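Single-structure report; data block below.
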Amino acid sequence: MNEHVSARIALLDNQLVDADRRPIGRIDDVELSLENGTLRVDSILIGAQALGERLGGTIGRGMAAVAARLRPRTDPPGPARIDVALIEEFEPLVRLNVPFRELREVAGLERWLARHAIERLPGAGRAD
């Protein structure tokens, strides 16, 4: 990632799409590391748990707790993370270089609902 790009402007709250330009959601937070005195973005975090943790306060903590509780047990703990190395471009959208189907740790609850509830509706088709 270009070290001269503002993470706040280039990433936070921007639309995230996969390699096929399918919307995944909005970037809710970033995970940083400090290397040789320089902050670097390691991962982008998405979902209600990441947003709740970023917002803080009673509402944010409640949002994060509910989201964490509803995530499938097979998902790793914490907000859904996407390695910054998967970002292909920043403008006009934040586009990844992989399709959504390869991001198994992302949208676990939504995938479960799609398979177990939405797909059963007449005319719904099959979800990814």
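The values are calculated or read from the model by the stated rules, or taken from the named source; none is laboratory data. Given the structure is predicted, the values throughout are model-derived calculations rather than measurements. Backbone-built Cβ (ideal geometry, glycine too); neighbour counts: all protein chains shown. Side chains included, ligands, DNA and RNA excluded: accessible areas come from the protein's heavy atoms. Shrake-Rupley method; radii C 1.70, N 1.55, O 1.52, S 1.80 Å.
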Checklist entry - Does the range 63-78 include one or more residues that are at pLDDT below 85, assigned to a helix (DSSP H, G or I) and closer than 14 Å to LEU16 by Cα? => result no
Checklist entry - Which of the following residues is in contact (Cβ under 8 Å) with a residue 24 or more places away in the chain, among the aliphatic types (A, V, I, L, M), assigned to a strand (DSSP E or B) and surrounded by 11 or more Cβ atoms within 10 Å (Cβ to Cβ): LEU16, LEU39? => result LEU16
Checklist entry - Restricting the search to the range 91-101, which residues are in contact with a helix residue (DSSP H, G or I) (Cβ under 9 Å, 6 or more places away or on another chain) and either modelled with pLDDT under 80 or of a type in the set (D, E, K, R) (or both)? => result GLU91
Checklist entry - Can you name the residue in the range 23-36 that is of a type outside the set (A, V, I, L, M, F, W, C) and touching a helix residue (DSSP H, G or I) at 6+ places or on another chain (Cβ under 6 Å) and is also least open to solvent (accessible area, probe 1.4 Å) among such residues? => result ASP28
Item to check | Those residues of the range 20-36 which are at negative phi and not charged (D, E, K, R), in sequence order | outcome: PRO23, ILE24, ILE27, VAL30, LEU32, SER33, LEU34
Item to check | Residue tally, condition under 20 Å from SER33 (Cα atoms) and open to solvent by 30 Å² or more (accessible area, probe 1.4 Å), over the range 48-75 | outcome: 3
Checklist entry - Regarding ILE87, is this residue open to solvent by 60 Å² or more (accessible area, probe 1.4 Å) and at pLDDT 90 or above? => result no
